[in-house]
Amino acid sequence: MVAANTSKKLFNVTLRVWRQAGPSAPGRFVDYPAKDVNPDMSFLELLDVVNDDLTRSGGEPIAFAHDCREGICGTCSCTINGKPHGPGQGIATCQLYMRTFKEGDVIIVEPFRARAFPLVKDLVIDRSAFDKIQQAGGFISVRTGAAPDANSIPVPKADADLAMDAAACIGCGACVAACKNSSAMLFVAAKVSQLGLLPQGQPERYSRVLNMVAKMDELGFGNCTNQYECSAVCPKLISHDFIARMNRDYLVASVKSAFAPVSNASGGGAG
Ligand code: SF4
Ligand code: FES
């Protein structure tokens, strides 16, 4: 639990930011003093202010990724004081407020670091590996056309709730950044479970888990060694129980695949 700075007084901090002009350029930390910080500013607003000052003085603004600024899109990916998304629990970087810090703090800001997330510039990383994992199986086959009646396929409440919990994943990549193995298991488990818990996700249930895990491995993410750093930093509090759920599906899918006729060796089909 992080004690909040409840004083409304302006205060001063130093941002120690990772600067790197490009993927193969050398990187280093650079200090930026930030004066008269309003405790009600968001962390990204402080970066905006620092960037305004840098631009006015002819410097190169700090490149950082952001979009919705309300914890929905998963774009804002910074490690702050050694923790993906910074201090606090269940929040993305854009939901972090300066009242979390105090006078004189030196705040260390880095990009998410993982081999599968190559650095683009400064704090910006390339998370297209997540898109590729999704493309490998994160979908369902449906007939397009008019929307079906909402109650035409009953879904048990417990399953609907669990699927909704998994669907909360915003694909930010903090789980990967926090893991010593750079594993994407929590992300993949959330995506696999979100669909595998629902009737509509059954046709590809087993091919999905095999294909998404294979793609995760191929793209250079590590394996899970049950440290659960991932769920500890997840801004959507995705439970590591989903990893166990995915592993069970993976085991069933592997057995089905091993005994499937050659023409159906992808493991597709439920039941
Ligand atoms: S599981 Fe959590 S930390 Fe990982 S990508 Fe999804 S929202 Fe981000
Ligand atoms: S900017 Fe969208 S989640 Fe932070």
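The values are calculated or read from the model by the stated rules, or taken from the named source; none is laboratory data. Keep in mind that what you see is a predicted model, and the values were worked out from it rather than measured. So basically every Cβ, Gly included, is an ideal-geometry build from the backbone, and we count neighbours across all protein chains shown.
Annotation note: Cβ proximity below 6 Å between a residue of the stretch 155-168 that is in the same structural domain as GLN134 (by TED's automatic domain parsing) and on the phi < 0 side of the Ramachandran plot and a residue that is surrounded by 13 or more Cβ atoms within 10 Å (Cβ to Cβ) and among the aromatic types (Phe, Trp, Tyr) (sequence gap 6+ or interchain) occurs for ALA166/PHE242. Scanning the stretch 160-208 for residues that are of a type in the set (Lys, Arg) and either crowded, with 22+ Cβ neighbours inside 10 Å or under 14 Å from LEU237 (Cα atoms) (or both) yields LYS191, ARG205, ARG208. ARG143 falls short on exactly one of the conditions (1) closer than 26 Å to ASP249 by Cα; (2) within 22 Å of the chain's Cα centre (by Cα), and that condition is (2).
The single residue among SER193, SER231 that is within 8 Å of ligand 1 (Cβ to nearest atom), outside any loop (DSSP other than H, G, I, E, B) and in contact with a helix residue (DSSP H, G or I) (Cβ under 7 Å, 6 or more places away or on another chain) turns out to be SER231. Within the stretch 85-95, the set of residues being more than 12 Å from ligand 2 (Cβ to nearest atom) and either of a type outside the set (Gly, Ala, Ser) or crowded, with 16+ Cβ neighbours inside 10 Å (or both) comprises PRO87, GLY88, GLN89. In the stretch 45-70, the residues that are in contact (Cβ under 8 Å) with a residue 60 or more places away in the chain reach residues that are in a loop (DSSP other than H, G, I, E, B) and among the polar types (S, T, N, Q) with C-beta atoms within less than 7 angstrom, at least six apart or across chains, in these pairs: ALA65/THR75; ALA65/SER77.
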